[in-house]
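A.B. asks: Before I ask anything, here is the structure I am working with.
No value in this document is a laboratory result; all are computed from the given coordinates. This structure is a prediction, so every number in the text was calculated from the model and none was measured. Reconstructed Cβ throughout: ideal geometry from the backbone, glycine too, with neighbour counts over all protein chains shown.
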């Protein structure tokens, strides 16, 4: 496969590691991954299949997968073995035994951002006339500086709230947008909680609902996947705001409190694809009282081709379970009878 056959998503960041053996490249990628709060995809060649021009291998969350096309798994960040492929940025690992092979590849070193070497920039890089004006040089044993570099390059996605108001709530008999608890519409109650936690709020709604929210200056996410339920709302938010992670909150959980959302946020595990309350009674993760990380969007889009169930998707995704939560925070109220019972017992 030639360098121009690797196609990265728009706005994704990619680094190709040059200057050392494939084994050392992989070791350095593992080091970078261990320092990062956000997982990246590692792209390498499938050495046993190099007769195929389209044979690559990539690692996601420690699992090795293979592809015979130029398409890569979706991610915001990619590490690439520069011995086989190029990327938009380059990292050079100083290895004297590989100077001749690195010199042959110097035409690919167009945007060097990091050099890992002892005693500063190696002279041969300067002698070759490479542009190092945007690069930093870090000693391979300086873990603190390497950690700082990774933190500057790979940032934890901003967390924003997605309040789901688009459901028609046929069992309740009226739209979820009209659900009212705590003396006000539930969406407004949740909005107040999110604002108290300094979280930006978006409302997931249908086309015919948008003017209501926009007219009052609120942010909306229009459901672009049609009438397929809440997973379509999550996918729409991920599509329209690809670098954002989402605190997804349903309007039919009136027991949700600021304490509950804060508990969820404080247990956020960004390397996982989601963080969710574990429903001990039903033995599943609650998908609509959960954090969906931005790097899960590829899995979400792929899942929509086979299922519309967010609960089942959390069952196969790498999901951080919160098992010490108050079950009332995520209790669903779906019928008028359940609502009346809840109101009686909550004293409203």
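A.B. asks: Among bridges DSSP assigns within the chain, what percent are antiparallel (round to 5)? Mind dumping the intermediate values first?
C.D. replies: Numbers: 20 of 57 bridges.
Approximately 35 percent, going by the DSSP bridge assignments.
A.B. asks: Going by how many other beta carbons lie within 10 Å of each one, how would you line up 131, 252, fewest first?
C.D. replies: Listed from fewest to most nearby Cβ atoms, that is 131, 252.
A.B. asks: Compute a Gaussian network model of the chain, connecting alpha carbons closer than 10 Å, and tell me which residue from 299, 178, 338 fluctuates the most.
C.D. replies: Maximum among the listed residues: 338.
A.B. asks: In region 205-348, if every C-alpha pair distance is counted and binned at 10 Å from zero, what percent goes to each bin?
C.D. replies: Over region 205-348, the share of Cα pairs per 10 Å bin runs 11, 38, 36, 14, 1 percent.
A.B. asks: Take the alpha carbon gyration tensor of region 91-133, find the square roots of its eigenvalues, order them as a ≥ b ≥ c, and report rounded if a/c is under 1.5; if not, report prolate when a/b exceeds b/c, else oblate.
C.D. replies: Judged from the Cα gyration tensor, region 91-133 comes out rounded (a/c under 1.5).
A.B. asks: Can you pull the one-decimal nm distance between simple spin-label points at residue 345 and residue 212, each 7 Å off the Cα toward Cβ?
C.D. replies: 2.8 nm
A.B. asks: Can you give me the angle between helix 143-153 and the longest principal axis of the chain, using Cα atoms only, in degrees from 0 to 90, rounded to the nearest 10?
C.D. replies: On a 0 to 90 degree scale, this one is about 60.
A.B. asks: If packing is taken as the average number of other Cβ atoms within 10 Å across a peptide's residues, how do 114-124, 79-89 rank, most packed first? Walk me through the numbers on the way to the answer.
C.D. replies: Details: 114-124: 15.9, 79-89: 22.0.
In decreasing order of mean packing, 114-124, 79-89 become 79-89, 114-124.
A.B. asks: If you don't mind, there's one more thing I want to ask. What's the FRET efficiency of residue 26 with residue 302 using the Cβ-Cβ distance as r and R₀ = 22 Å, to the nearest 0.05?
C.D. replies: 0.25
A.B. asks: Let's test the formula: R0 of 35 Å, r as the Cβ-Cβ distance of residue 225 and residue 152. What FRET efficiency results, to the nearest 0.05?
C.D. replies: With R0 = 35 Å, the Cβ-Cβ based efficiency is 0.50.
A.B. asks: Here's another thing I want to ask about it. What is the Rg over Rh value, at two decimals, for the chain, using alpha-carbon atoms and the Kirkwood definition of Rh?
C.D. replies: Result: Rg/Rh = 1.07.
A.B. asks: Next up: When 293, 219 are ordered from fewest to most other Cβ atoms inside 10 Å of their Cβ, what list results? Could the numbers behind the result be given before it?
C.D. replies: Working: 293 28, 219 14.
Least to most surrounded, the residues fall as 219, 293.
A.B. asks: Here's a follow-up. How many nm separate the modelled label positions at residue 103 and residue 182, each set 7 Å beyond the Cα in the direction of the Cβ?
C.D. replies: Inter-label distance under the simple model: 6.9 nm.
A.B. asks: Please build a GNM for the chain, connecting alpha carbons under 10 Å apart, and tell me which residue among 75, 145, 272 fluctuates the most.
C.D. replies: 145
A.B. asks: If you take every DSSP beta bridge fully contained in region 193-348, what fraction is antiparallel? Give it as a percent rounded to 5.
C.D. replies: 55 percent
A.B. asks: For region 95-145 and region 206-232, what is the separation of their Cα centres, given in Å?
C.D. replies: 49 Å
A.B. asks: Pick from 310, 287, 140: which residue has the top mean-square fluctuation in a GNM of the chain where Cα pairs under 10 Å get a spring?
C.D. replies: 140
A.B. asks: Per DSSP H run of at least 4 residues, take -39500 (n - 2.57); add these up for the chain, divide by its residues and hand me the 222 nm value, nearest 500 deg cm²/dmol.
C.D. replies: -8000 deg cm²/dmol
A.B. asks: Assuming 1.306 mPa s and 10 °C, estimate D for region 113-205 with Stokes-Einstein, Rh taken as the Kirkwood radius over Cα pairs, in µm²/s.
C.D. replies: Details: Rh = 18.1 Å.
Taking Rh from Cα pairs, D becomes 88 µm²/s.
A.B. asks: Quote to one decimal, in nm, the extra length available between residue 338 and residue 321 on full extension: 0.36 nm per residue of separation minus the C-alpha distance between them.
C.D. replies: My answer for the length gained is 3.4 nm.
A.B. asks: What FRET efficiency comes out for residue 13 versus residue 128 if R0 is 25 angstrom and r is the Cβ-Cβ distance? Round to the nearest 0.05.
C.D. replies: After rounding to 0.05, the efficiency reads 0.50.
A.B. asks: What is the fewest-to-most order of 278, 246, 342 by other Cβ atoms lying within 10 Å of their Cβ? Write out the running numbers ahead of the final one.
C.D. replies: Details: 278 19, 246 26, 342 16.
Going from least to most buried by this count: 342, 278, 246.
A.B. asks: Rounded to whole Å, give me the distance from the Cα center of region 317-348 to that of region 290-315.
C.D. replies: Answer, in whole Å: 22.
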